[in-house]
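**Student:** Here it is, the structure in full.
The values are calculated or read from the model by the stated rules, or taken from the named source; none is laboratory data. Note that the structure is predicted; figures quoted are calculated from it, not measured. Quick reminder, even Gly has a Cβ in these numbers, built from the backbone with ideal geometry, and neighbours come from all protein chains shown. These accessible areas exclude ligands, DNA and RNA; they are computed on the full protein's heavy atoms, side chains included. Shrake-Rupley method; radii C 1.70, N 1.55, O 1.52, S 1.80 Å.
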Amino acid sequence: MNWSLVIKRFVLASIVFLFLTSFLNGQNGTYRIHLLVIDLPEDQIFRLISIKGNALEPVDSFFSQNGAVDFVYSKPLPRGQYSITWQNNQKFIDFLFNNEHYIELHTNHKDPIQNLKVISSEENKYFVKFLKIKDELYYLIDMGDEIYSKNPKDPLLGIIIDKIDSINNELSKFIKNVPEEFLAYKVIKANIHPSLEEFNKTHPNNRYNDIKFFYKRHWFDNIDKQDSALVNTPVIYEAVKFYLQNLVEPPDTEQYKKAVDFILSQFSWNEQQYKYVLNLLLNTFYTPQYESVFLYIYFNYMHDTQCSASVSDENYRKAMMITKLSKGAEAPELTGITLDSDSFRLSNITNKPVLLIFWAPDCYHCKSIMPYINNLYEKYGDDIYFVSFSIDTNVDAIKKATKEDSIKFTVITDLQGYNGENCLRWYIWGTPTFFIIDKNGKIYSSPYSFEGLENDIKTVLLN
């Protein structure tokens, strides 16, 4: 036997084995997330999703093999919280990515959250335990709310409150064992309410007696204002949402403006956190009831906004639509061609109200509301002129969508998209967008809902 050749083969095999082991475990410059789902009925597509506040953004997808799925990357993902979902997003698990090269998670298909086990990832050993505690806490809170709605004096409420307090104390003790440099530490701490008792102990000259007043001033204290990665988790979104829903009294326009000032001051230390909160507040208050709060935020805090009338500047268009296309304003001109290649001018329609809808062939919500609009046309088409302006650059796509959606009224376009003159004049930032114009060519309304749309049609026809 040629022992020299045997030794060489053994050494070569060892090197290959070590290389493969290193690669599979996410070393050698790779980043690997491995999930094994036990009792998976059949192999299927698994999706990796990033969590940014209340927004879920798809990252990647792979087909599982024997219940296992791997997400492998040559560069690290952005630090933050992620979900892996399957069974059409009905099943999921959450985890943190904080530049670890290898994360291995095992779970069970029947109950993924409660059965989730962390095989490899120091961050997620703490984070998953926290999620299970939090899941129990939310279950008790929901149970307490249901009992309270039926009988505020039910003695079971006292037991539930004691359990909730016990879990909160458990969390406060648990976080002391988490390394402070971990992202898990920052996420868990942000989920723990600031302590009035601890604050009063450490600030004897600035004590608070009222817990709600304390929360109004210190609700965001446990959020690390320096770490941009918290934007890629739900913690800032949940904290701002709770503040607006529970700590603004009375919940009116002026108090919301004061709340906006306070919230933005809390997140002014970190540019990414500040921009995220600013956009969160703008989206929150872009409603008919609180348009004045939206405008307050926009004109006082959007210092870097360039009035370029570009579709990328969505908030600029929203602000201009509110201020320049409000009730009583002269309707801008709208021009285009019909699907029969006839020219169209809105100003040629006189002595008759107009319902104008901006839509797009690839807009899901447009497709879902078209049957309703067609019904309105059947009811009011003799008395009000229906016009649909399609925002697209492909006439074939517009014709196809018009046929699929059975649009029975006038369809026009300029084939210029969002940056065409018509969309710029009307400050269109998204679809569908509705305008009702009275018989004198004045803006009557821009309804947000189906109910508001039909009510405004009825009202404008009476004038």
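**Student:** By how many nm would the segment from N246 to K110 grow when fully extended, if each residue of separation counts as 0.36 nm and the alpha-carbon distance is taken off? It would help to have the intermediate numbers written out before the result.
**Tutor:** Working: separation 136, 0.36 × 136 = 48.96 nm, distance 3.56 nm.
45.4 nm is the gain from fully extending N246 to K110.
**Student:** So what are the ³J(HN,Hα) numbers for the stretch 327-332, from phi and the Karplus equation (6.51, -1.76, 1.60; θ = phi - 60°), rounded to whole Hz, Gly and Pro as x?
**Tutor:** Each residue of the stretch 327-332 in turn: 4, x, 6, 5, 5, x Hz.
**Student:** Per residue Cα convex hull volume for the stretch 337-377, in cubic angstrom?
**Tutor:** Values: hull volume 4.0 nm³, N = 41.
Convex hull volume per residue, Cα atoms: 98 Å³.
**Student:** Between T202 and K258, take the C-beta separation as r, use R0 = 30 Å, and let me know the FRET efficiency to the nearest 0.05. Walk me through the intermediate numbers first.
**Tutor:** Values: r = 27 Å, r/R0 = 0.89.
For R0 = 30 Å, the calculated efficiency reads 0.65.
**Student:** A further question on this structure: To one decimal place, what orientation-averaged projected area in nm² is obtained for the convex hull of the Cα set of the stretch 114-270? Please report the intermediate quantities before stating the final value.
**Tutor:** Values: hull surface 46.8 nm².
The orientation-averaged projected area of the Cα hull of the stretch 114-270 comes to 11.7 nm².
**Student:** Under a point-charge model restricted to the Cβ atoms of Lys and Arg (+1) and Asp and Glu (-1), what is the dipole moment magnitude of the stretch 338-444 relative to its Cα centre, in debye to the nearest 20?
**Tutor:** Values: 11 positive and 13 negative charges, 47 e Å.
The calculation lands at about 220 debye.
**Student:** For the stretch 129-221, what is Rg from Cα atoms divided by 2.2 N^0.38 Å, rounded to two decimals? Before the final figure, lay out each step's value.
**Tutor:** Details: Rg = 15.4 Å, N = 93, 2.2 N^0.38 = 12.3 Å.
That ratio works out to 1.25.
**Student:** Give the calculated FRET efficiency between D221 and K399 to the nearest 0.05, with a Förster radius of 51 Å applied to their Cβ-Cβ distance.
**Tutor:** Details: r = 58 Å, r/R0 = 1.13.
So the FRET efficiency works out to roughly 0.35.
**Student:** Now, a different point. Which whole-number percent of Cα pairs in the stretch 50-103 have a distance greater than 13 Å? Please report the intermediate quantities before stating the final value.
**Tutor:** On the way: 939 of 1431 pairs.
More than 13 Å apart: 66 percent of the Cα pairs in the stretch 50-103.
**Student:** Counting pairwise Cα distances across the chain, what percent come out greater than 40 angstrom? Provide the component values of the computation, followed by the final result.
**Tutor:** Details: 44239 of 106953 pairs.
Distances greater than 40 Å cover 41 percent of the Cα pairs.
**Student:** Suppose all protein chains stay in the model; what accessible area per residue would a 1.4 Å probe give for the chain, in Å²? Let's see the in-between values first.
**Tutor:** Working: 25010 Å² over 463 residues.
Per residue, the chain has 54 Å² of solvent-accessible surface.
**Student:** Take the chain, mark every one of the GluC sites (Glu not before Pro) that falls in a DSSP loop and has at most 15 other Cβ within 10 Å, then report the longest stretch left between them, sites excluded.
**Tutor:** On the way: sites that count: E42, E180, E181, E333.
Result, exposed sites excluded: 182-332.
**Student:** When N is the residue count of the stretch 168-217, what does its C-alpha Rg come to as a fraction of 2.2 N^0.38 Å?
**Tutor:** Details: Rg = 12.6 Å, N = 50, 2.2 N^0.38 = 9.7 Å.
The reported ratio for this selection is 1.30.
**Student:** Still on this model: Measuring from the lowest to the highest alpha carbon on each principal axis, how far does the stretch 245-287 reach, largest first, in angstroms?
**Tutor:** 30, 20, 16
**Student:** Let me ask another. As a test of understanding, state the convex hull volume per residue of the stretch 197-269 from its alpha carbons, in Å³. Walk me through the numbers before you get to the answer.
**Tutor:** Details: hull volume 7.9 nm³, N = 73.
Dividing the Cα hull volume of the stretch 197-269 by its residue count gives 108 Å³.
**Student:** In whole percent, what relative contact order does the stretch 339-463 give with Cα contacts below 8 Å and a gap of six or more residues?
**Tutor:** Numbers: 178 pairs, mean separation 41.2, N = 125.
Normalised by residue count, the contact order of the stretch 339-463 is 33 percent.
**Student:** Separation between the S149 and N419 pseudo-spin-labels, each 7 Å from Cα along Cα→Cβ, expressed in nm?
**Tutor:** 4.9
**Student:** While we're looking at this one, here's another question. Could you work out the relative contact order of the chain, using alpha carbon pairs under 8 angstrom and six or more residues apart, expressed as a whole percent? If you can, show how the numbers build up before the last one.
**Tutor:** Details: 671 pairs, mean separation 44.9, N = 463.
Computed value for the chain: 10 percent relative contact order.
**Student:** Check G80: other-chain or 5+ apart residues with amide H under 5 Å from its amide H, H built from backbone geometry?
**Tutor:** F97
**Student:** Now a separate question. Would you mind calculating the gained length between N89 and S343 on full extension (0.36 nm times residue separation, minus the Cα-Cα distance), in nm to one decimal? Walk me through the numbers on the way to the answer.
**Tutor:** Details: separation 254, 0.36 × 254 = 91.44 nm, distance 4.65 nm.
Full extension from N89 to S343 adds 86.8 nm.
**Student:** Measure of size requested: the Rg and Dmax of the stretch 318-463, with Cα atoms as the atom set and Å as the unit; please supply both.
**Tutor:** Considering the stretch 318-463 through its Cα atoms, Rg and Dmax are 14.0, 39 Å.
**Student:** Could you check how much of the accessible area of the chain is carbon and sulfur, as a whole percent, using a 1.4 Å probe? Before the final figure, lay out each step's value.
**Tutor:** Details: 12810 of 25010 Å².
Here it works out to 51 percent.
**Student:** Next up: Can you list the DSSP H helices in the chain whose Cα atoms extend at least 24 Å along the helix axis and whose mean Kyte-Doolittle hydropathy is 0.0 or higher? Show your work: numbers first, answer last.
**Tutor:** Numbers: long enough: 3-24 (31 Å, 1.87); 122-150 (44 Å, -0.60); 156-174 (27 Å, 0.49); 364-380 (25 Å, -0.70).
Membrane-span-like by this criterion, though nothing is claimed about a membrane: 3-24, 156-174.
**Student:** Between Q65 and K134, what is the label-to-label distance in nm when each label sits 7 Å out along the Cα-to-Cβ direction?
**Tutor:** 3.3
**Student:** Rounded to the nearest Å, what's the spacing between the alpha carbon centres of the stretch 215-272 and the stretch 140-180? Just the number, please.
**Tutor:** About 23 Å separates the Cα centre of the stretch 215-272 from the one of the stretch 140-180.
**Student:** Oh, and also: What ³J(HN,Hα) values, in whole Hz, does the Karplus curve 6.51 cos²θ - 1.76 cosθ + 1.60 give for the stretch 413-418 when θ = phi - 60°, with x put for Gly and Pro?
**Tutor:** Values, residue by residue: 7, 10, 6, 10, x, 5 Hz.
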